1. Hey, does segment 156-174 have a residue that's outside any helix (DSSP H, G or I) and in contact (Cβ under 8 Å) with a residue 60 or more places away in the chain?
2. Which of the residues belonging to segment 1-44 are in contact with a Gly (Cβ under 7 Å, 6 or more places away or on another chain), without any contact (Cβ under 8 Å) to a residue 60 or more places away in the chain and under 21 Å from residue 96 (Cβ atoms)?
3. Would you check if residue 124 is more than 19 Å from the chain's Cα centre (by Cα), aromatic (Phe, Trp, Tyr) and farther than 19 Å from residue 15 by Cα?
4. Among the strands (runs of 3 or more DSSP E) lying completely within segment 41-131, list those that include at least 2 residues that are surrounded by fewer than 18 Cβ atoms within 10 Å (Cβ to Cβ) and of a type in the set (Lys, Arg).
5. Anything in segment 7-48 that is farther than 23 Å from residue 76 by Cα and of a type in the set (S, T, N, Q)? List them, or say none.
6. Assuming residue 99 fulfils every condition listed in (1) in contact (Cβ under 8 Å) with a residue 24 or more places away in the chain; (2) of a type in the set (Phe, Trp, Tyr); (3) touching a strand residue (DSSP E or B) at 6+ places or on another chain (Cβ under 7 Å); (4) within 27 Å of residue 237 (Cβ to Cβ) apart from one, which condition is it?
7. Could you count how many residues in segment 220-258 are in a loop (DSSP other than H, G, I, E, B), out of contact with any helix residue (DSSP H, G or I) (no Cβ under 6 Å at 6 or more places or on another chain) and closer than 17 Å to residue 209 by Cα?
8. Select from segment 196-228 the residues that are more than 18 Å from the chain's Cα centre (by Cα), closer than 23 Å to residue 131 by Cβ and surrounded by 15 or more Cβ atoms within 10 Å (Cβ to Cβ) and list them in ascending order.
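Any read-out appearing in this document is the output of simple, stated calculations on the displayed coordinates, not a laboratory observation. Computed from a predicted structure; not experimentally measured. Cβ placement follows ideal geometry from the backbone for every residue including glycine, while neighbour counts extend to all protein chains displayed.
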Amino acid sequence: MIRIFSYLPNPRVWKATITGRYLNVKVEVRGAPPRELGQWLWDFDARPLGEEDRNNAALERKGRTGFSGSLYKTDQFLNAHPYGNVPAAFDSSGKVGIFESNSIMRAVARLADDDRGVYGRDPYHASRIDSFLDASLVFARDTQHYLLSLGSDRLTREIHSQGRDAFVNYLGGIEGALAAGSRFITGDELTLADICFVAEVSLFSRERAWRRTVEAIDCEPIDWSRCDLAMAHYERLCKLRVFEVDLSPFLEKLAADIKKHAG
């Protein structure tokens, strides 16, 4: 069993929940919308703050990237998670912390009685999967500023250009891998590379609801249609039951938001 604490919804948490669903590994998720996490105690036993928690100065910490104001974290949380970020995963004892969404996903796969080849059938295949997972980390790093800027008044042409270039580079690699004719990114079996791909593209796809914000700085919206193979693969995976549980509500809301902010 793995327990995860995070803001919700968080597509990167889906890396673990989809993997757990596919491999029959229990993944427990706790959390709340981002604006509410400041009112939670960050801990293995994460929960909304009580009055005693609020008055405990030892729990108060300065907010970091994506969070403003004070956050409340136990020493046990910080011992397990020295970077202090979410998603934050724990083993069943709460003593071992696992951080970064790709590592949490890998941990779920390793806990399975039968991993069904999701992490490769040999060291070379596993390393190829790792290559795509590492590329996703670069994509996430290079697009974080862009995604955060879309919801504020800080978006600039330079930031938009950086986000677009990162998207084109990441999707271009996926497109190239699929052009070889395999059913999935690294071959003919579903792997962590596919699960990670769906989660990262889902997170980035929120930018499509900010078309007017992009046009307001005289920039062209990112053209998603240029990656036909990658997007067809994404849409096919989203329809699989193990993905659909997480993706269906998200995609419905995204479609509504895109329609709301169109034009």
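1. yes
2. Matches in segment 1-44: 26, 44.
3. yes
4. Result: 60-62.
5. The answer is 10, 17, 19, 24.
6. Against the list (1) in contact (Cβ under 8 Å) with a residue 24 or more places away in the chain; (2) of a type in the set (Phe, Trp, Tyr); (3) touching a strand residue (DSSP E or B) at 6+ places or on another chain (Cβ under 7 Å); (4) within 27 Å of residue 237 (Cβ to Cβ), residue 99 comes up short only on (1).
7. Final tally of qualifying residues: 2.
8. Matches in segment 196-228: 227 only.
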